[in-house]
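First the structure, in the form of structure tokens, and then the observations on it.
Here, each number is a calculation from the coordinates, and none is a lab measurement. Remember, predicted model here, so these are calculated numbers, not experimental data. Positions of Cβ are generated from backbone atoms using ideal geometry, with glycine treated the same way; all protein chains shown enter the neighbour counts.
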Amino acid sequence: MVVVTVDYRNQYFGGAEAFCGMKTGESGADDDHARFGRGLLRYYIHWLRPPFLILPDTMDDNEKLKELLKRYSVHYGDFVLASGKKSKVYVDCRLTTLRADAMPLIGKAILAQIADSGWKADLVGGLTMGADPVVSAVARESLGTAQVLNGFLIRKEAKGHGRGQYLEGVREPGNLKAVIVEDVCSTGGSAIQAIERAREFGLEVVGAVCLVDREMGGAAAIEATGCPFASVYTMGELLDL
């Protein structure tokens with residue numbers, strides 16, 4: 001599957017702009033028409049599940065990432081979450097975070113959260129394996145910015161050989177500051193474990209960012225550890241509630 005971002009003026013998609021009510025480069029489009037078009041697009045993405053996703057080039061990066069998450073990562077049914085709680089909606093972020101076309105969007109979105117929060121850091125890391133692609137995306141997109149962030153990963157269990165450590169990617173803590181990242185946050189358990197391991201290693205954790213906050217108490221639990229928290233999307237925003 002591939003994601004295609006198109007200019008609706010292209011000859012192959014010439015009628016799509018009128019259908020979706022999102023005309024490229026024009027102002028004053030009828031609001032009701034536009035909302036109707038966006039509604040049809042959401043129905044197409046959620047229920048028809050096309051083999052590729054057409055994203056209007058009028059969307060900004062955050063809107064594109066949101067649509068990718070809705071298309072690939074949101075599933076409906078009966079699920080048991082990592083916290084043990086049951087849910088009718090499951091967000092498998094790895095189906096999006098491991099996509100090549102999503103990685104730049106993820107990196108930029110989380111870097112924007114870090115900047116907006118005013119956090120100054122040297123590193124970005126998280127608990128394997130949900131955080132792994134998120135860490136890589138953020139580290140890569142930070143290259144060339146005023147705040148370059150190298151990545152690190154935290155094992156759930158200490159390595160059984162070699163240096164026998166939990167944290168990989170940092171030789172010595174020094175005076176390094178870190179931001180913890182997570183793909184999905186429900187009760188906050190994974191992020192809290194990562195925060196604790198990073199602190200034990202000697203890093204100063206200045207904040208935590210989650211791609212999707214399920215709004216199940218995780219934000220408050222993380223902040224109770226003394227770590228500020230931010231998210232790119234809430235579950236309500238992802239489901240348009």
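Here residue 240 and residue 146 are evaluated by their C-beta separation; at R0 = 25 Å the FRET efficiency comes out at 0.15.
A full extension of the chain between residue 223 and residue 156 corresponds to an added length of 22.0 nm, given 0.36 nm per residue minus the alpha carbon distance. Ordered by the count of other Cβ atoms within 10 Å of each Cβ, fewest first, 69, 81, 55 give 81, 55, 69. Go ahead and collect, in residue order, the members of segment 123-154 whose backbone nitrogen is under 12 Å from a label point 7 Å along the Cα-Cβ direction of residue 165. Within reach of a label on residue 165, which here means backbone N under 12 Å from a point 7 Å along Cα→Cβ, segment 123-154 contributes 152-154. I'd like the Kirkwood hydrodynamic radius of segment 134-210, using the inverse of the mean 1/r over distinct C-alpha pairs, in Å. Averaging 1/r across every pair of different Cα atoms and inverting gives 13.2 Å. Per-residue Cβ neighbour counts within 10 Å put 66, 88, 156 in the sequence 88, 156, 66, beginning with the fewest. Segment 94-119 and segment 212-231 have Cα centres spaced 18 Å apart.
Net length available on complete extension from residue 128 to residue 204 is 25.4 nm, with 0.36 nm assigned per residue and the Cα-Cα distance removed. Amide H to amide H distances under 5 Å link residue 234 with 213, where only residues 5 or more positions off or on other chains count and H is placed in the peptide plane. Remark: segment 223-231, residue by residue, has Karplus-estimated 3J(HN,Hα) of 5, 5, 7, x, 10, x, 10, 9, 9 Hz, where x stands for each Gly or Pro and the curve is 6.51 cos²θ - 1.76 cosθ + 1.60 at θ = phi - 60°. How much length, in nm to one decimal, is gained on full extension between residue 215 and residue 120, taken as 0.36 nm per residue of separation minus their Cα-Cα distance? Extending this stretch completely gives an extra 31.6 nm.
Neighbour counting of Cβ atoms within 10 Å sorts the residues 234, 96, fewest neighbours leading, into 234, 96.
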